[in-house]
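In what follows, a structure is listed as structure tokens, so that the remarks can point back to it.
The values are calculated or read from the model by the stated rules, or taken from the named source; none is laboratory data. Because the structure is a prediction, the values reported are computed rather than measured. Quick reminder, even Gly has a Cβ in these numbers, built from the backbone with ideal geometry, and neighbours come from all protein chains shown. For the accessible areas, the whole protein counts, side chains as well, though only heavy atoms, and no ligand, DNA or RNA atoms are used. Shrake-Rupley method; radii C 1.70, N 1.55, O 1.52, S 1.80 Å.
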Amino acid sequence: TWLTTINEDGSPHVTPVGAMWLDGTFWFQTGGTRKGRNVERDPRCSVAVSIRDADVVIEGDAARVTDPDAVTRIAKAWADNGWPVEPDPSGSGITAPFNAPSQGPPPWNVYRIEPSSAIVALSAEPGGLTRFRF
């Protein structure tokens, strides 16, 4: 899964992320990283992923999630998929015994992408490209 955010100079910043599909959209987490600074300044972003017989790009705005119930729900989803993450003591971020070193120390912020469009390219017959607007 690749996340693209917008640098301060307007150039794209593309980085791999451990995003999770839940509740009809992608969720990701980050610390004091460039992608975190970018989405705080300009929430426009996209997530790209290849799945069986299709490439998918979701475009939208990243919104930081601090609601303890939502943070708990996404932390459980990540934990159910093998990353032993849990809400931090405040309930508005997450922590785990490990993460990518580039994320910095915990707690990490959680973001949900509010989708505005999706592009799906099918590689299997009949193939084709479709754009969806939300």
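Taking the condition of being in contact (Cβ under 8 Å) with a residue 60 or more places away in the chain and part of a strand (DSSP E or B), how many residues in region 12-22 meet it? Break it down stepwise before answering.
Just the residues of region 12-22 that are in contact (Cβ under 8 Å) with a residue 60 or more places away in the chain, to begin with: 18, 20.
From the residues that got through so far, the ones that are part of a strand (DSSP E or B) too are 20.
Result for region 12-22: 1.
Restricting to strands (runs of 3 or more DSSP E) lying wholly in region 23-134: which have 1 or more residues that are touching a residue at least 40 places away in the same chain (Cβ under 8 Å) and open to solvent by less than 20 Å² (accessible area, probe 1.4 Å)?
Values: elements: 25-30, 44-51, 54-65, 109-122, 128-133.
The qualifying strands (runs of 3 or more DSSP E) are 25-30, 44-51, 54-65, 109-122.
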